């Protein structure tokens, strides 16, 4: 075993998410409320699936949620990630091979970042040696596996090309070759002791009086051939070896002479291994370990895009526009989470996935007042817009046929919530406080999503409050959607534009039915699309009443079938 001076067989700092190789320090641009309103946690689960140990899944989900919440605003970073994603999407074999290597990379990240355990002195030294040996073995196996997966391929992305080149140099380096050759020898030396023979002195009444270590063995003791097995027959054959509980944390459990002697001898066996490992003290596994969470995130992004494609839904790489343009243009956009749920459903009474155009720009409008009937897709449309930015700015594909995006520095939302439980705070107070927080946070480069906000008062007062908010959004110059049942608000957009300074025009969107209700199974369904135009002033409530059987004729028929007819009394 080598005892030479320290050699380095480390991989240079690389990243599949950051062109510089170092993670950015951007604060999360997606507010916690917006993440909940957009169902980001459910989207993360749709990306990553549910395969794997629960702890590992939680780590993947936590990292993916963090990446989606950052709302990256750097075009070069977003393009860098999108290029890696394109390589993954176009090469199924590469995805499969990297997916198989992923658990090892994640394990490497866990081992490298795990804190030292506080154990008895002898045991702690042994565990440190075994841990470092296992860490280096995992490092070598992961590096070789990644190199084999990437080497024969023509890669287009800078991120995977850099990793391919670095791994080629690493596995060809003399230091890595020496490490690879020596690790099996070190493992064999550490594993050479498989049993210990202990001599036990007994008193006249067979009470144990003293013990000592007699020898180490290269073979494990077979419990079926033990003394109890011969003396006690069948019982002894299954109980001759008593399992010892592992993971004992208390040093006091090991503070006896026999245990100290045992671990002193173990250290003698491990000493040559420890000496050899010191020659590789400078080998850092951190760079390779950091790739695990990043790779899991990008493979999850590819999985989400392919799930949408398998369902017959479009997805695309967004074109990035300057942030100053404050533009969001989407063709055939939809909520990916709802679309996946509908595509997987076998209930033919569900409406099909409806895709809509989205256009926030100086040429059309940056603030849209969206009105229309109940169940007309207004909330779904709003989520689709928000999720397009969340996915696109994270470097993933957008749920749309085409997309052109100016990055948003933050996404804030105001969706319906439970009434405030704080004493003295009514629903309107709570809504007004949340709205105030939005205007303290939003900038001209933000995306503001308001869904039925400020409804905790009369319709007359709600219109006046909502008009003030929309005027504030125009004055701020941010992109925004205000979903409302207040048709008067949509009808007032011309007056708001005429009386409020600002360069962001306010426009009216309306959820319109494509056609008359159609029969799907036994239920009437109506398909809606979101289009620019004035509000209709109706909510199609009669359709919903009939779908649930609560129109007056339906109620009369139901009551008569139950034998109650007030007219005949």
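FYI, it's all coordinate maths here, none of it is from the lab. Keep in mind the model is a prediction, meaning the values are calculated, not measured. Because the Cβ atoms are built from the backbone with ideal geometry, glycine has one as well, and the counts that use them run over all protein chains shown.
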- Item | residue 55 versus residue 79: modelled label distance in nm, points set 7 Å from Cα along the beta carbon direction | 4.2 nm
- Message: For the pair residue 28/residue 485, report the inter-label distance in nm, with labels modelled 7 Å from Cα in the Cβ direction.
- Response: 3.2 nm
- Task: Determine, from the Cβ-Cβ distance of residue 341 and residue 402 and an R0 of 25 Å, the FRET efficiency 1/(1 + (r/R0)^6), rounded to the nearest 0.05.
- Result: 0.60
- When you count, for each residue, the other Cβ atoms within 10 Å and take the mean per peptide, how do 287-300, 195-208 rank with the highest first? 287-300, 195-208
- Query: Among 474-483, 185-194, 154-163, what's the highest-first ranking by average C-beta atoms within 10 angstrom per residue?
  - Reply: 474-483, 154-163, 185-194
- For residue 558 and residue 204 in the same chain, what is the full-extension length gain: residue separation times 0.36 nm, less their Cα-Cα distance, in nm? 118.2 nm
- For residue 220 and residue 441, what does the FRET efficiency come to when R0 = 60 Å and r is the distance between their Cβ atoms, rounded to the nearest 0.05? 0.40
- Item | Label-point gap, in nm, between residue 173 and residue 158 - each point 7 angstrom along Cα→Cβ | 2.3 nm
- Message: Could you tell me the center-to-center distance, by alpha carbons, between segment 368-410 and segment 319-343 in angstrom?
- Response: 5 Å
